[in-house]
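Q: Got a structure for you, written out below as structure tokens; questions coming shortly.
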Amino acid sequence: MPSHRCNRSLLWLLLWLLCLPAAAEQQYRQVEISAPFIELQTGPGRAFPAFHAVARGERVEILMRRTDWFKLRTRKGVEGWVHLQQLSGNLDSLGEPLHLDTLRLADFRQRRWEAGLLGGYLEGAALLSGYGGFAFSPNLSAELSLSHALGDFSSQLMADINLLAQPFPEWPVSPFFTIGTGLIHTRPHSTLVQSEDRTDQTANVGLGAKLYLGRRFMLRGEYKHRLVFTSRDDNEEYSEWKLGVAFFF
């Protein structure tokens, strides 16, 4: 008897586990199309082609959202993307007009990926920098940046990997601190002295702030103190200032 009861309990547990995916599928938000039709596109962007039309009266499920684009699934299992403007105004599961919020500050706080282009100065030399980052949590992210500084006597190419700590991600103007390492390649311009190209390792610490501008854009400014480990007896120190625009997705 105990063995039969154990087997029966395991059977019920197995059936319950098998029912979990089906229960999860029923939690997707339901939408009834009240417009003449909406077009599904192959990806979340206007450059992706439309491949399927959903007619009035059909029901779809909202699977996920990426900025102002929503991934839908029809009753026949067709999946595609539609813009916020097309989806808004249709009917929810209660037959009421569907209201979908545009990007807000909450989306800025919950972002995962971001990229940007910044300009500034590295010890008086004009500096152009691009970066991409991934957020492990609202407070901690990793970034990869590439920079080019053009001075009167030399130019520098820099590649950095940084960790960025953001203690107050909920603030519209959010400060951050950064620490990282990388490489710098220096190419002298002057031909009056015998100078060779060289590549050295660097370390940097910095601070800055991000200002949420609206939708998916933000303004970013930062200062870094950079230490260059040269092959000579003394190391070099640089101050770096940058300001630019970034976007998140």
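The values are calculated or read from the model by the stated rules, or taken from the named source; none is laboratory data. Model, not experiment: these values are computed from the prediction. Because the Cβ atoms are built from the backbone with ideal geometry, glycine has one as well, and the counts that use them run over all protein chains shown.
Q: On the given criteria, is Leu150 under 17 Å from Ser129 (Cα atoms), modelled with pLDDT of 95 or more and not aromatic (Phe, Trp, Tyr)?
A: Here the answer is no, as Leu150 does not meet what is asked.
Q: Sort out for me the strands (runs of 3 or more DSSP E) sitting completely within the range 163-249 that have 2 or more residues that are charged (D, E, K, R).
A: Numbers: elements: 173-188, 198-214, 217-229, 236-248.
It comes to 198-214, 217-229, 236-248.
Q: Could you give every pair whose Cβ atoms fall below 8 Å, whose first residue belongs to the range 226-239 and is surrounded by fewer than 12 Cβ atoms within 10 Å (Cβ to Cβ) and modelled with pLDDT of 90 or more, and whose second residue is basic (Lys, Arg) and assigned to a loop (DSSP other than H, G, I, E, B), counting only separations of at least 6 or pairs across chains?
A: none
Q: Please indicate, with yes or no, whether at least one residue in the range 34-47 is within 30 Å of His225 (Cα to Cα) and either modelled with pLDDT under 95 or in a loop (DSSP other than H, G, I, E, B) (or both).
A: no
Q: Pick from the range 140-154 the residues that are farther than 18 Å from Gly119 by Cα, hydrophobic (A, V, I, L, M, F, W, C) and under 18 Å from the mean Cα position of the chain (by Cα): which of them is surrounded by the fewest Cβ atoms within 10 Å (Cβ to Cβ)?
A: That would be Leu140.
Q: Could you list, ordered by first residue, the pairs with Cβ atoms under 8 Å in which the first is in the range 60-73 and within 9 Å of Tyr28 (Cα to Cα) and assigned by TED's automatic domain parsing to the domain that holds Ile33 and the second is of a type in the set (Phe, Trp, Tyr) and part of a loop (DSSP other than H, G, I, E, B), at least 6 apart or interchain?
A: The qualifying pairs are Glu61/Tyr28; Ile62/Tyr28; Leu63/Tyr28.
Q: Provide a single number: the residues in the range 77-87 that are over 11 Å from Ala53 (Cβ atoms), at pLDDT 90 or above and not in a strand (DSSP E or B).
A: 1
Q: Something else: Looking at the range 85-101, can you tell me whether even one residue there is closer than 20 Å to Met218 by Cα and either surrounded by fewer than 16 Cβ atoms within 10 Å (Cβ to Cβ) or in the same structural domain as Ser174 (by TED's automatic domain parsing) (or both)? Before you say what the answer is, go through the steps one by one.
A: Quick first cut of the range 85-101, residues closer than 20 Å to Met218 by Cα only: 101.
Retained after the next criterion (residues that are either surrounded by fewer than 16 Cβ atoms within 10 Å (Cβ to Cβ) or in the same structural domain as Ser174 (by TED's automatic domain parsing) (or both)): 101.
Yes - at least one qualifying residue is present in the range 85-101.
Q: When the residues of the range 48-73 are filtered to those that are outside any strand (DSSP E or B) and closer than 28 Å to Arg111 by Cβ, which remaining residue is nearest to the chain's Cα centre (by Cα)?
A: Thr67
Q: Continuing with the same structure: Filter the range 43-84 for residues that are of a type in the set (Val, Ile, Thr) and at positive phi and give the result.
A: If the condition is that a residue be of a type in the set (Val, Ile, Thr) and at positive phi, then Thr67 is the only one that fits.
Q: May I ask you to say which residue of Thr186, Thr178 is more than 17 Å from Ala115 (Cβ to Cβ) and among the polar types (S, T, N, Q)?
A: Thr186
So that you can scan it fast, the table gives a plain yes or no per residue for (1) at pLDDT 90 or above; (2) farther than 21 Å from Gly133 by Cα; (3) hydrophobic (A, V, I, L, M, F, W, C); (4) surrounded by fewer than 15 Cβ atoms within 10 Å (Cβ to Cβ):
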residue: Gln156; (1), (2), (3), (4): yes, yes, no, no
residue: Gly182; (1), (2), (3), (4): yes, no, no, no
residue: Ser190; (1), (2), (3), (4): no, yes, no, yes
residue: Val205; (1), (2), (3), (4): yes, no, yes, yes
